[in-house]
Structures are given as structure tokens and as C-alpha cells.
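Here is the structure we will look at, set down as C-alpha cells.
Please treat every number below as a calculation from the coordinates, not as lab data. Values in this document were obtained by computation on a predicted structure and should not be read as measured data. Cβ placement follows ideal geometry from the backbone for every residue including glycine, while neighbour counts extend to all protein chains displayed.
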Amino acid sequence: MGRIFVVDLEGRAYRCKFCITHLALSDDLVSRAFHCRRGKAYLFNNAVNITVGPQEERIMISGVHTVADIFCCCCGQMVGWKYEAAHETSQKYKEGKFVLERGRIIDGIDSEFYINTRPDVKPCNCRRSSVV
Ligand SMILES: [Zn+2]
């Protein structure tokens, strides 16, 4: 008892921003469209190396959910929450899934995520006409 067992994930993984411990596989990423009080959050099918806090009822935009905050097992930082139960039928798909706050995780492969966000390169037609 008491020994922290850290799982190393194979492949693309999201990590704790604070101690670089693996938290979730990018293959388990369900949605990037979540939001929390502090900004963007991602929904995952599974997460590892976390401890789950006490359950509580939380009123969210999408209805009342029973959730529990989740913490990195290595550094103890809160990294997101787990949906234990959803009261709305349409939200049931979230049950047992994990949300990690974008601002508290790093993916280590950021550069690959930006490949398809290539900005439209427009020739700059503006001339500095009034340089004195
Ligand atoms: Zn950590």
C-alpha cells in the first residue's frame, strides 16, 4: 500500500503539465469541445495515473451531473473531472468518461496538431505609403 504505480502509455499521450506524467491517450480523445471555468477542456474515454476525489452534484450548462474532480497521482494537481452520472438522457454518453482541462495538460505533439490549421497565405498588398 502507498506505492504510486505510474502507467506509461504507448503512443500519443496527453501529460500532466506540472509533472509530465501520462494522463490519457490521444486515441481515447472523444471531444475537444468542452469548456470549464478556466477555459477549454477535452473529453476522454479513459485516463490513467489519476486519483478521483469525492463525488458531488454539479449544475452545468448541459444539466445536472454527478462528477468528481480528478487529480494527477504524482503531483496532486487537479487536472479535470470525471462524469460519474448524468441526469439528462442526452448526456448519458459522458458517464464514466474523463475531462482534462486543456490548460493543465500538454500533448507533447503540439506541432502535429497545427498541420491542418495552415493559415491562408495572402500576399501583403499594403504599402507603407507614408513612411517619413
Ligand atoms: Zn502531475
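Where Rh denotes the Kirkwood radius from the mean inverse Cα pair distance, what is Rg over Rh for segment 1-107?
Over the Cα atoms of segment 1-107, Rg/Rh equals 0.96.
How much FRET efficiency would the formula 1/(1 + (r/R0)^6) give for Val52 and Thr89, where r is the Cβ-Cβ distance and R0 is 25 Å, rounded to 0.05? Display every interim value, and only then the final one.
Working: r = 24 Å, r/R0 = 0.97.
Taking R0 as 25 Å, the efficiency between Val52 and Thr89 is 0.55.
Filter the trypsin sites (Lys or Arg not before Pro) in segment 29-69 down to the DSSP loop ones having no more than 11 other Cβ atoms within 10 Å, then list what survives.
Sites meeting the loop and neighbour criteria: Arg37, Arg38.
In segment 1-103, which GluC sites (Glu not before Pro) are in a loop and have at most 13 other Cβ atoms within 10 Å, using DSSP for the loop call? Don't skip to the answer; put the middle values down first.
Values: sites: Glu10, Glu56, Glu57, Glu84, Glu88, Glu95, Glu101; in loops: Glu10, Glu88, Glu95.
When the GluC sites (Glu not before Pro) of segment 1-103 are filtered for loop state and at most 13 Cβ neighbours within 10 Å, Glu10, Glu88, Glu95 remain.
On a full-extension model of 0.36 nm per residue, what is the gain between Ile59 and Cys75, subtracting their alpha-carbon distance, rounded to one decimal in nm?
Details: separation 16, 0.36 × 16 = 5.76 nm, distance 2.80 nm.
That works out to 3.0 nm of additional length.
Cα-based count: Lys pairs in segment 13-111 below 17 Å, eight or more positions apart or different chains?
Working: Lys17/Lys40; Lys40/Lys82; Lys40/Lys94; Lys40/Lys97; Lys82/Lys92; Lys82/Lys94; Lys82/Lys97.
Here the count comes out as 7.
Express in nm, to one decimal, how much length is gained between Arg37 and Val6 on full extension, taking 0.36 nm for each residue of separation and deducting their alpha carbon distance. Walk me through the intermediate numbers first.
Numbers: separation 31, 0.36 × 31 = 11.16 nm, distance 2.85 nm.
Between Arg37 and Val6, full extension yields an extra 8.3 nm.
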